[in-house]
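I'd like to ask you about the structure that follows.
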Amino acid sequence: VIGGGFGGAACARALRRLDAKLQVTLIEPNRTFTACPFSNEVIAGLRELTSQQFTYDKVVADGITVAAQAASKVDARARSIALTDGTTLSYDRLVLAPGIDMHFDALSGYDEAAAEKMPHAWKAGEQTMLLRRQLEAMDDGGLVVIAVPAAPLRCPPAPYERASLIAHYLKAKKPKSKILVLDAKDNYSQQKLFEKAWSELYPGMIERIALSQGGRVTSVNPATNEIVTDFGNYTAAVANVIPPQRAGRIAEIAGAADHTGWCPIDPVTFTSKLVPNIHVIGDAAIAGGIPKSASAAAAQGRACAAAIVNALAGKAPETQRLDGACYNTVAPGYAFSLKGIYQPKEDQYAEAEVTTSPVDAPREVRQREAEHALDWFKAITGEAFG
């Protein structure tokens, strides 16, 4: 299994749980995993980064070998993987769970160096803290600009959760400041819930310019913190530039990514449509109606493990319905959710059932959902790392 995030760790552990005779290796260069869910609270100063960090000790205790290296090459024909230290591993089945990489070529002026000035914070860790430090250093009255890419992206509602929690910080510490969301989309997940929360909690503080109003960012200039859109230029005191994304680089190296940068899969077995004996799960996969999220990645990891165990035993694959949950916190004690059940339909995953929090729910419901969000985080990190 390449990639020790929510999908990869859940898959590796499920494989061992389903068949203790399997030899399972998890290839992951980072000795500590830093979770993206709840990292927007770190940016807003409501939570520390250490609360987001988990080791692989319990994964190892399950009898899984953890190779603390990055995979540099996959030879699908030879069924071998080269690691950065020169080690070669062979496999019968390979699961790619590489998450995302930033598609730096897709936004003019934005590259890895620019991300040190205009952080994306779309992978949790140092980028999360960089954005937090920039907000702390900003003068009261400064403009925070959040650039949001077109779909597909990791965790579609997260940019708006981030805007909400940054507004919470600014309201308390820098009340003259404003947030501008420049969006390459017209509509987004749970839009009415966010807009209601913004009008209730942060009136006049958050402005969003949608695609049809000229919100698509076409280029950036990290030297001046200038962001250029179809209709105008903006200079930010703090620029949070979330660029277009693609599957983690190793997926492309393995030949599993198509021209879109993402990985087409069979929705029942998660096998790659482009290379044999390779499965792809999590954010890297093209999974139809399933949003790219931690919850979806973990569900795919479990389902993929079951498909692999069945295949190795010569059994027919079983079609599985996947469930997913996404919680968005817009202030301490104020959250809402989207829950979905997804099933294969016409070679893709489709929504079978989706429920979202009611727009007009009373505050005690929002408080309860905030508590549920914490319970969910404990459960999903426990499954992968606990």
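So which pairs qualify, if the first residue must be in the stretch 243-261 and over 14 Å from A97 (Cα atoms) and free of Cβ contacts under 8 Å to residues at least 60 places away in the same chain, the second must be of a type outside the set (A, V, I, L, M, F, W, C) and part of a loop (DSSP other than H, G, I, E, B), the Cβ gap must be under 9 Å, and the two must be at least 6 apart or on different chains?
D258/K273; T260/P152
Say we look at the stretch 6-48 and pick out the residues that are polar (S, T, N, Q) and more than 20 Å from K378 (Cα to Cα); which of these is surrounded by the fewest Cβ atoms within 10 Å (Cβ to Cβ)?
Result: Q23.
Results for (1) out of contact with any His (no Cβ under 8 Å at 6 or more places or on another chain); (2) β-branched (V, I, T); (3) touching a residue at least 60 places away in the same chain (Cβ under 8 Å); (4) crowded, with 18+ Cβ neighbours inside 10 Å, shown as yes or no for each residue.
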site	(1), (2), (3), (4)
G289	yes, no, yes, no
A305	yes, no, yes, yes
D323	yes, no, no, no
A331	no, no, yes, yes
A335	no, no, no, yes
A361	yes, no, no, no
Q367	yes, no, no, no
F377	yes, no, yes, no
G386	yes, no, yes, no
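Could you count how many residues in the stretch 186-207 are part of a strand (DSSP E or B) and without any contact (Cβ under 8 Å) to a residue 40 or more places away in the chain?
1
Using the structure shown, decide if V268 is farther than 17 Å from L153 by Cα, within 23 Å of the chain's Cα centre (by Cα) and of a type in the set (V, I, T).
Against the criterion (farther than 17 Å from L153 by Cα, within 23 Å of the chain's Cα centre (by Cα) and of a type in the set (V, I, T)), V268 qualifies.
Here's something else I'd like to know. Please count how many residues of the stretch 102-153 are of a type in the set (S, T, N, Q) and more than 21 Å from A167 (Cα to Cα).
The total comes to 1.
Okay, moving on. Would it be correct to say that V330 is modelled with pLDDT of 95 or more, over 30 Å from V66 (Cβ atoms), outside any helix (DSSP H, G or I) and not hydroxyl-bearing (S, T, Y)?
So V330 fits the description; yes.
Take the residues of the stretch 215-225 that are under 26 Å from the mean Cα position of the chain (by Cα) and of a type outside the set (V, I, T): which is nearest to V330 (Cα to Cα)?
Residue satisfying both the conditions and the ranking: G215.
Residue by residue through the stretch 345-359, note down the ones that are farther than 24 Å from A331 by Cβ, exposed (fewer than 12 other Cβ atoms within 10 Å of the Cβ) and either touching a residue at least 12 places away in the same chain (Cβ under 8 Å) or of a type in the set (A, V, I, L, M, F, W, C) (or both).
Answer for the stretch 345-359, where residues must be farther than 24 Å from A331 by Cβ, exposed (fewer than 12 other Cβ atoms within 10 Å of the Cβ) and either touching a residue at least 12 places away in the same chain (Cβ under 8 Å) or of a type in the set (A, V, I, L, M, F, W, C) (or both): just E353.
While we're on this one: Please enumerate the residues belonging to the stretch 130-154 that are in a helix (DSSP H, G or I) and either at pLDDT below 95 or surrounded by 14 or more Cβ atoms within 10 Å (Cβ to Cβ) (or both).
Once the filter is applied, which keeps residues that are in a helix (DSSP H, G or I) and either at pLDDT below 95 or surrounded by 14 or more Cβ atoms within 10 Å (Cβ to Cβ) (or both), the stretch 130-154 yields L130, L131, R132, Q134, L135.
Another question about this same structure. Any residue that is of a type in the set (A, V, I, L, M), within 29 Å of A361 (Cα to Cα) and either modelled with pLDDT of 95 or more or buried (at least 17 other Cβ atoms within 10 Å of the Cβ) (or both) - is there at least one of those in the stretch 237-252?
Checking the stretch 237-252: not a single residue is of a type in the set (A, V, I, L, M), within 29 Å of A361 (Cα to Cα) and either modelled with pLDDT of 95 or more or buried (at least 17 other Cβ atoms within 10 Å of the Cβ) (or both).
Can you tell me which of D57, D62 is among the acidic types (D, E) and out of contact with any helix residue (DSSP H, G or I) (no Cβ under 7 Å at 6 or more places or on another chain)?
It is D57.
Filter the stretch 240-277 down to residues that are of a type in the set (G, A, S) and assigned to a strand (DSSP E or B) and give me whichever is farthest from K185 (Cα to Cα).
Top of the filtered list is S272.
Still on this model: Working only within the stretch 89-121, note down all residues that are within 18 Å of the chain's Cα centre (by Cα) and among the charged types (D, E, K, R).
D101 - this is the single residue of the stretch 89-121 that is within 18 Å of the chain's Cα centre (by Cα) and among the charged types (D, E, K, R).
Here's another thing I want to ask about it. Pull out all pairs, ordered by first then second residue, where Cβ-Cβ is under 6 Å, the residues are six or more apart or on different chains, the first lies in the stretch 88-103 and is more than 20 Å from P152 (Cβ to Cβ) and touching a residue at least 24 places away in the same chain (Cβ under 8 Å), and the second is of a type in the set (A, V, I, L, M, F, W, C) and in a strand (DSSP E or B).
Every condition considered, the pairs that remain are L89/I81; L94/I278.
Given Y327, Y349, which one is under 30 Å from N30 (Cβ atoms) and touching a Gly at 6+ places or on another chain (Cβ under 7 Å)?
Of the residues listed, the single one that is under 30 Å from N30 (Cβ atoms) and touching a Gly at 6+ places or on another chain (Cβ under 7 Å) is Y349.
Considering the stretch 262-276 alone, what residues qualify as being surrounded by fewer than 22 Cβ atoms within 10 Å (Cβ to Cβ) and touching a residue at least 40 places away in the same chain (Cβ under 8 Å)?
Correct list: D266, V268, T269, V275, P276.
From the list L322, L312, which one is out of contact with any Asp or Glu (no Cβ under 9 Å at 6 or more places or on another chain) and of a type outside the set (S, T, N, Q)?
Being out of contact with any Asp or Glu (no Cβ under 9 Å at 6 or more places or on another chain) and of a type outside the set (S, T, N, Q) holds for just one of L322, L312, which is L322.
Separate question: For the stretch 185-207, does any single residue satisfy the condition of being surrounded by fewer than 20 Cβ atoms within 10 Å (Cβ to Cβ), modelled with pLDDT under 95 and of a type in the set (D, E)?
no
Additional query: Determine, yes or no, whether A316 is without any contact (Cβ under 8 Å) to a residue 24 or more places away in the chain and either in a loop (DSSP other than H, G, I, E, B) or out of contact with any Leu (no Cβ under 8 Å at 6 or more places or on another chain) (or both).
Against the criterion (without any contact (Cβ under 8 Å) to a residue 24 or more places away in the chain and either in a loop (DSSP other than H, G, I, E, B) or out of contact with any Leu (no Cβ under 8 Å at 6 or more places or on another chain) (or both)), A316 qualifies.
The values are calculated or read from the model by the stated rules, or taken from the named source; none is laboratory data. If you're wondering where the values come from, they're calculated on a predicted model, not measured in any experiment. With ideal geometry, Cβ positions are generated from the backbone for all residues, glycine too; neighbour counts draw on all protein chains shown.
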